[in-house]
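Engineer: Can you read through this structure? Questions will come right after.
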Amino acid sequence: MKTTSSRSRHKLQLTISWSNSYYLDWLSKLEKVLRKKPRTVQIDIIGTGEISADTALMIRAALMERSPRTRIVMNARSSLQGASVLLWLLGDSRTIRDDARVFFRRADLPDDAEVDPNGDWKAQEPKYRDSVNEIDPDEGDYARVLQLINEFLPVEEFAGRLIGVPVLKQFGLVDNDSIDSFLTTALAKSKQEPVFG
């Protein structure tokens with residue numbers, strides 16, 4: 001008798017949407033799948049638009065709490081922008097449509113937006129801000145997203161520019177089976193050759 005393993009491959013589709021309730025429902029499904037500790041979870045990212053930074057950080061938190069044995073495969077079937085770039089980067093392996101692009105903008109925060117944990121809070125007077133120039137907390141979340149993206153791609157140099165698949169390959173962010181098999185073959189041959197010295 002054949003039994004199916006609960007640690008098999010699971011596939012979820014994340015459609016970029018304007019509805020926050022969609023993301024909360026999707027996050028609930030993801031957390032349910034991750035509790036089963038599957039071997040692999042494939043997430044297909046589909047659609048244009050931008051996911052909110054807060055939502056991306058919530059999904060990131062769920063992915064970071066997964067079993068170390070669960071492998072995340074991210075498959076971008078559309079171009080990515082903003083916080084959806086971070087979600088794609090969180091995959092243990094990644095694929096993206098050959099003609100797709102990645103884009104993220106700079107955060108629009110003043111230098112003094114965040115409270116310095118080592119600063120003298122009583123001595124520092126906050127700068128006056130009118131209603132037009134108030135600090136947006138969502139922009140603070142977006143700045144955190146950019147910090148995390150910066151672990152993979154140089155945000156300072158790439159923000160505000162379209163990034164194509166060839167550049168992503170240069171950074172080793174896209175699975176490239178032909179290069180991987182070439183390197184495996186080349187390294188295997190070099191180990192077999194005697195070293196004289």
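The values are calculated or read from the model by the stated rules, or taken from the named source; none is laboratory data. These figures come from a predicted structure and were not determined experimentally. Glycine also receives a Cβ, built like all others from the backbone with ideal geometry; neighbour counts cover every protein chain displayed.
Engineer: I'm trying to understand the selection: among the residues of the range 7-53, which are of a type outside the set (Ser, Thr, Tyr), touching a residue at least 60 places away in the same chain (Cβ under 8 Å) and over 23 Å from SER67 (Cβ atoms)?
Structural biologist: ILE16, ALA53
Engineer: Next up: Check whether at least one residue in the range 29-52 is at pLDDT 95 or above, in a helix (DSSP H, G or I) and within 16 Å of the chain's Cα centre (by Cα), and report yes or no.
Structural biologist: Checked the range 29-52: at least one residue is at pLDDT 95 or above, in a helix (DSSP H, G or I) and within 16 Å of the chain's Cα centre (by Cα).
Engineer: Further question on the same structure: All but one of (1) of a type in the set (Phe, Trp, Tyr); (2) buried (at least 21 other Cβ atoms within 10 Å of the Cβ); (3) more than 11 Å from the chain's Cα centre (by Cα) hold for TRP26; state the number of the condition that does not hold.
Structural biologist: Here TRP26 clears every test but (2).
Engineer: I've got another one for you. So which pairs qualify, if the first residue must be in the range 54-70 and farther than 15 Å from LEU14 by Cβ and without any contact (Cβ under 8 Å) to a residue 40 or more places away in the chain, the second must be crowded, with 18+ Cβ neighbours inside 10 Å and not basic (Lys, Arg), the Cβ gap must be under 7 Å, and the two must be at least 6 apart or on different chains?
Structural biologist: Filtered contacts from the range 54-70: ARG66/LEU34; THR70/LEU34; THR70/PRO38; THR70/VAL41.
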